[in-house]
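For reference, the structure discussed in these notes is given below.
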Amino acid sequence: MYRNAKNVGYYMIGKGALRQLGDVLAPRRKAVDGPAIFFLDHFFSTQCLAARLPVEQGDHIIYVDTSHEPTTDSVDAYTAEARAFLAGRTPCALLAFGGGSTMDTCKCVGNLLTNPGKAEDYQGWELVKHPAPYKIAVPTLAGTGSETSRTGIICNEARNIKLGMNSDFTMFDQVLLDPELTASVPRNQFFYTGIDTYMHCFESLAGSYRNVVVDSLAEKAIDLCKQVFLSADMMREDNLEKMMIASYLGGMAAGFVGAVHPISAGLSMILHTPHGLANCYALTVVEDIYPEQYREFMTMLERQGIDLPRGLCQDLTDAQYDGLYEASIVHEKPLSNCLGPDFRNILTRENVIARFKRM
Ligand code: ZN
């Protein structure tokens, strides 16, 4: 069976593109007689971003707390806030300004505005039945690829699993890429987030579930990541744009990951480690699985002067180590993509816990 693959409807890219957001939004306001809801990373609550956005009277701004990754509970709470504000009206658009956490929150709330039930009902594949409202992504951090991917990833604390709402309806309808927005990101954060694209793409290329379109996108995204992270300064102006494009392509290539993301998911579930940082730790302990990428990554870290303090998983309780193992090994699809159906023979409980202890 072949999959019918969807891409993002429209994209606009260029320095200063944010100034054209009002033009992009205008036809939506005409088409649907309802307000727009702006999802902004809470970091912007003290910045002047909202003043630069085409917010009209009657619209609503939701500040998304990104100090933790989105959870089923946080998504349900933002959905309730949006529902209460809308009071039965249909929004003309939902817009997201932030990194993966903010964009994923917007995507998942969108699905829940047109589908009954709670966030956890839609964690999985093809569970969303009705199209979401029109959604626009304006990434202010590049690397997760959320702007182009068909998933919105949320942690389900009760079930100890990090799993996305994978659906064509989860995708954004419009993406606006303005590299100026990433110029003020702290260096460590720029690196941890950007390198996520590199990881998605090499994991996909090293796996067994492949297709030529996805491979081509992944290869180009990796090429751009290397240009950025092996250069003398990853945050040089031309690199900001390259990183945004790498993330955009990487999001489209994000099909099946490998061993890094499951281990990273364990860290996010048990220790609430942010995704990009968790990936970095994960790659440092799978050098036997990805030797070439491990070496390249260490060079990138060093060249950009990024620190990755050791001892992340020292002195945890046995229950926490078990939790780390369980929340990693549960990701059967990516692990068998990477290591084959017998991945449990390699990643035994002892083997996985020993890797965490080395971080
Ligand atoms: Zn990722």
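Counting Lys and Arg as +1 and Asp and Glu as -1 over every other residue whose Cβ lies under 13 Å from the Cβ of N160, the net charge comes to -2.
Think of the chain as a dipole: +1 on every Lys or Arg Cβ, -1 on every Asp or Glu Cβ, centred on the Cα centre; then among M300, L230, T144, T144 lies furthest on the positive end. Reducing the stretch 20-99 and the stretch 267-344 to their Cα centroids gives an inter-centroid distance of 33 Å. Among the protein heavy atoms of the chain, carbon and sulfur supply 52% of the accessible surface, probe 1.4 Å, non-protein parts ignored. Run the 1.4 Å probe and let me know the accessible area of K118, rounded to the nearest 10 Å². Here the residue's solvent-accessible area equals roughly 120 Å².
Summing charges over neighbours of E287, with a neighbour being any other residue whose Cβ is under 14 Å away from its Cβ, gives 0 when K and R count +1 and D and E count -1. Each of V32, C155, V128 was scored by the projection of its Cα onto the charge dipole of the chain, and the greatest displacement toward the positive side belongs to V32; charges sit on the C-beta of Lys, Arg, Asp and Glu. For V64, neighbours were defined as the other residues whose beta-carbon sits under 10 Å from its Cβ, and their charges (Lys and Arg +1, Asp and Glu -1) total -3.
Across the chain, the longest run free of exposed loop sites, meaning chymotrypsin sites (Phe, Trp or Tyr not before Pro) lying outside DSSP classes H, G, I, E and B with no more than 14 other Cβ atoms within 10 Å, spans 3-208. Listed by chain and number, the lysines whose alpha-carbon sits under 20 Å from that of K333, ignoring those within fewer than 8 places in the same chain, are K162.
For the stretch 79-88, 3J(HN,Hα) computed residue by residue from phi via the Karplus equation (6.51, -1.76, 1.60; θ = phi - 60°) reads 5, 4, 5, 5, 4, 4, 5, 5, 6, x Hz, glycine and proline entered as x. For the stretch 187-357, the dipole from Cβ point charges (+1 on Lys and Arg, -1 on Asp and Glu) about the Cα centre works out to 60 debye, to the nearest 20. Nearest 500 deg cm²/dmol is fine: what mean residue ellipticity at 222 nm does the chain get from its DSSP H runs of n ≥ 4 alone, each adding -39,500 (n - 2.57), divided by its residue count? Helices in the chain give a 222 nm mean residue ellipticity of -14500 deg cm²/dmol.
Taking every protein chain into account, the accessible area of the chain amounts to 43 square angstrom per residue (probe 1.4 Å).
In percent, rounded to a whole number, the relative contact order of the stretch 187-357 is 28, using alpha-carbon pairs under 8 Å and six or more apart. Please work out the Kirkwood hydrodynamic radius for the chain, using every pair of different C-alpha atoms, and report it in angstroms with one decimal place. For the chain, the Kirkwood estimate is 20.5 Å. Across the chain, the relative contact order, built from alpha-carbon pairs under 8 Å that are at least six residues apart, equals 16 percent.
The values are calculated or read from the model by the stated rules, or taken from the named source; none is laboratory data. Everything quoted here is computed from the prediction, not taken from an experiment. Cβ: placed from backbone, ideal geometry, glycine included. Neighbour counts: every protein chain shown. We work out accessible area using only protein heavy atoms, side chains counted, and drop any ligands, DNA or RNA first. Shrake-Rupley method; radii C 1.70, N 1.55, O 1.52, S 1.80 Å.
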